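To keep things clear, I will list the structure first and then write my remarks on it.
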Amino acid sequence: MWNALQRLLPGNGAWTGHSDLYKDQTRVDYVLGELERIGSKEVEAAHDDAKAAIAEVNKTLANTGYALPENALSEVYTWIQEQIKDVYNQVEYKAGMVDEYSASLSDPASYLATAGMLVGKFAEGFLGAGEQITDGFFSALGMAVGLFNEDAKNAIGAYVEEDHVGNFMQSIYDSTGITEHSLITSDSLFAQGARVIGGMKGYGTCLQAVGALWGAATQAAGTGATVIQNMSLGADTAMRSINAATALAGVGGVGIGTQVGLQSGMDYNDAFVNGLKVGAEQAATVFVMAHATRKFQEWRRGRAGVSEGGEPTEPTPEGEGTSTGEGNQTGEG
C-alpha cells in the first residue's frame with residue numbers, strides 16, 4: 001500500500017524522504033536468466049571457438065617450430081565469467097534488499113513510528129513558533145545590551161543560535177526508534193508539511209496569548225468586566241487583528257533570520273540585520289495574505305447575502321439610504 005502511494009506522488013521520494021524502491025520480479029528473473037545463460041553458454045561457446053581457432057593456427061604453423069598454447073585465452077574467458085557472476089550476485093542482492101524493504105512496510109511498528117514522526121513534527125512546529133518569537137525579542141535585546149556589555153551580547157547570541165526545539169525533538173525521534181522505523185524521514189515533504197501546520201497553529205496560539213494578556217491589562221485598568229471575560233475578548237480581538245498578526249510574524253521572522261545568520265557563521269550584527277530582512281519579508285507576506293483572505297471572505301459573504309456576524313442581509317430599498325454609523329444615515333432622496 002505504501003509503495004502504491006509513493007507511486008502516485010512526484011519527486012522521486014521527496015515526499016517520504018526515502019528513495020522509491022520497486023521490484024519488477026519478471027524483469028529481475030529475465031535479467032538473472034540472461035546473465036546465467038551468457039556466462040555458462042555464450043562465453044563457453046566463445047571459448048571453444050577460440051580453442052578451435054588456435055588449433056587451426058597451430059596446423060598452419062606445423063613443422064615451423066612455432067605453436068600457440070591450446071589454453072592461451074582461457075584466463076581471459078574465466079575472468080569474463082567471474083565478472084558476469086559478480087553482476088548476477090549484485091542483482092540478486094539488490095532484489096533481496098527490495099524484498100526486505102517491502103516487508104518492513106507491513107510492520108505495525110513502521111506505521112506507529114510514522115505517526116509519531118508526523119505528530120512530533122507538528123509539535124516541533126508548534127513549539128518552534130514560540131521559540132522563533134522569543135528569539136526575535138532576544139535578538140533585539142542582544143543588540144541593545146551589546147552597547148554596554150559585549151559578553152552578555154555573545155551569551156544571548158549563543159542562546160539564539162541554538163535550535164532548542166529542533167534538537168530536543170530530534171533526540172526524541174532517535175531515542176524512541178522513530179528515526180529508524182518511520183516510513184518518512186524528518187526532512188521529507190510530509191514531515192515538513194506537518195511542521196508548517198504546527199507552526200501556523202503555534203503562531204495563532206501565541207497571538208491569542210498576547211491578546212489575552214492585553215485583555216487582562218485592560219481589566220486592571222477598570223473596564224468593569226471580569227479578568228476571564230477581558231482575556232477572552234482580548235484573545236478574540238487579537239485573532240481578528242491583521243496588524244497584530246503582522247507584528248508577531250515580523251518578530252518571529254527576526255528570530256528565524258538571526259538564528260540562521262549565526263548558524264551560518266555571521267557575526268551578531270550581520271546576523272541581526274539578516275533577521276530584520278527576514279522579519280520584514282515574513283511580516284509583509286502575512287499582511288498581504290491576511291488582507292487578501294479578508295477581502296475574499298467579504299466577497300463570499302456578499303455573494304451569499306450574509307453579514308460578518310452570520311446574519312442574513314436584506315437589500316436596502318432605493319431611496320432609504322444605508323447606515324454609516326449610529327445616528328448617521330445617507331440617502332439619495
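The values are calculated or read from the model by the stated rules, or taken from the named source; none is laboratory data. Remember, it's a predicted structure, so these values are computed and weren't measured experimentally. Ideal geometry is used to build each Cβ from the backbone, glycine not excepted, and the neighbour counts take in all protein chains shown.
Tabulated data for the structure shown
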read-out	value
Condition met for LEU213 (in contact with a Leu (Cβ under 7 Å, 6 or more places away or on another chain) and modelled with pLDDT under 90)	no
Where a residue in segment 198-210 is aromatic (Phe, Trp, Tyr) and its partner, wherever it lies, is buried (at least 22 other Cβ atoms within 10 Å of the Cβ) and modelled with pLDDT of 90 or more, with Cβ under 6 Å and at least six apart	TYR203/ALA129
Exclusive hit being touching an Asp or Glu at 6+ places or on another chain (Cβ under 6 Å) and modelled with pLDDT of 90 or more, set GLY199, GLY255	GLY255
Qualifying residue in segment 68-76 (condition: out of contact with any Leu (no Cβ under 7 Å at 6 or more places or on another chain), of a type in the set (Gly, Ala, Ser) and assigned to a helix (DSSP H, G or I))	yes
Test: residue in segment 46-60 that is within 23 Å of TYR93 (Cβ to Cβ), in a helix (DSSP H, G or I), modelled with pLDDT under 85 and not hydrophobic (A, V, I, L, M, F, W, C)	no
The lone exception for GLY120 - which of (1) touching a helix residue (DSSP H, G or I) at 6+ places or on another chain (Cβ under 9 Å); (2) surrounded by fewer than 20 Cβ atoms within 10 Å (Cβ to Cβ); (3) modelled with pLDDT of 90 or more it fails	(2)
Selection within segment 256-306 - touching a helix residue (DSSP H, G or I) at 6+ places or on another chain (Cβ under 7 Å) and in a loop (DSSP other than H, G, I, E, B)	MET266
Condition check for SER175: of a type in the set (Ser, Thr, Tyr), more than 25 Å from VAL254 (Cβ to Cβ) and either in contact (Cβ under 8 Å) with a residue 12 or more places away in the chain or surrounded by 18 or more Cβ atoms within 10 Å (Cβ to Cβ) (or both)	no
Residue that is of a type in the set (Lys, Arg), at negative phi and touching a Lys or Arg at 6+ places or on another chain (Cβ under 8 Å), where the choices are LYS85, LYS121	LYS121
Residues of segment 22-44 satisfying the condition of being surrounded by 11 or more Cβ atoms within 10 Å (Cβ to Cβ) and within 19 Å of TYR77 (Cα to Cα)	GLU34, LEU35, GLU36, ARG37, ILE38, GLY39, SER40, GLU42, VAL43, GLU44
Test: residue in segment 127-145 that is in contact with a Lys or Arg (Cβ under 7 Å, 6 or more places away or on another chain), without any contact (Cβ under 8 Å) to a residue 12 or more places away in the chain and closer than 30 Å to ALA209 by Cβ	yes
Matching residues in segment 240-249 - criterion: being in a helix (DSSP H, G or I) and surrounded by fewer than 23 Cβ atoms within 10 Å (Cβ to Cβ)	ARG240, ILE242, ASN243, ALA244, ALA245, THR246, ALA247
